[in-house]
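The values are calculated or read from the model by the stated rules, or taken from the named source; none is laboratory data. Since the model is a prediction, treat every value here as computed from it, not as a measurement. Ideal geometry is used to build each Cβ from the backbone, glycine not excepted, and the neighbour counts take in all protein chains shown. Accessible surface areas use protein heavy atoms only, side chains included; no ligands, DNA or RNA. Shrake-Rupley method; radii C 1.70, N 1.55, O 1.52, S 1.80 Å.
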Amino acid sequence: MAYKFEVYKDKAGEFRFRFRASNGEAMFSSEGYKAKASALSAIESIKKNAPGAETEDTTKE
């Protein structure tokens, strides 16, 4: 199994997506979107814009 985005409807009827690791574990999920197209657009934006994303640690530790 490879990494994948999974689109689903939540209990409120909104579209969400989660990103699953190659072992099937959900790594993160999105906010709710009224339109499925908006959820799919968010996925495409992540794929396009985040390959070199930096990590910012805002904790006080």
What does the charge count near Ala50 come to, summing +1 for each Lys or Arg and -1 for each Asp or Glu among other residues with Cβ under 15 Å from its Cβ? -1
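Looking at this model, which pairs from Lys9/Lys60; Lys4/Lys34; Lys11/Lys48; Lys9/Lys47; Lys34/Lys60 are more than 25 angstrom apart at the alpha-carbon?
Among Lys9/Lys60; Lys4/Lys34; Lys11/Lys48; Lys9/Lys47; Lys34/Lys60, the Cα-Cα distance tops 25 Å for Lys9/Lys60; Lys11/Lys48; Lys34/Lys60.
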Average Cα contact separation per residue, the chain, under 8 Å, 6 or more apart, as relative contact order %: 25 percent
Hey, can you rank 5-12, 54-61, 35-42 by average C-beta count inside 10 Å, highest first? 35-42, 5-12, 54-61
Note the angle between two axes, namely the Cα long axis of helix 36-49 and the longest principal axis of the Cα atoms of the chain, as a number of degrees from 0 to 90, rounded to the nearest 10. 20 degrees
A 1.4 Å probe over the protein heavy atoms gives the chain a carbon and sulfur accessible-area percentage of 48 percent
Quick one: Karplus J couplings for the range 53-59, per residue in order, coefficients 6.51, -1.76, 1.60, θ = phi - 60°, nearest Hz, x for Gly and Pro? 4, 8, 10, 10, 9, 9, 6
For labels at Glu44 and Ala12 in the simple 7 Å Cα→Cβ model, what's the distance in nm? 2.5 nm
Set Lys and Arg Cβ to +1 and Asp and Glu Cβ to -1, take the dipole of the chain about its Cα centre, and tell me which of Gly32, Pro51, Ala12 lies farthest positive. Ala12
All alpha-carbon distances of the chain, grouped into 10 Å bins from 0, give the whole-percent distribution 20, 43, 30, 7
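Per residue, how much accessible area does the chain have with a 1.4 Å probe, in Å²?
That works out to 81 Å² for each residue.
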Quick one: Karplus J couplings for the range 21-32, per residue in order, coefficients 6.51, -1.76, 1.60, θ = phi - 60°, nearest Hz, x for Gly and Pro? 6, 5, 8, x, 6, 6, 8, 7, 9, 8, 6, x
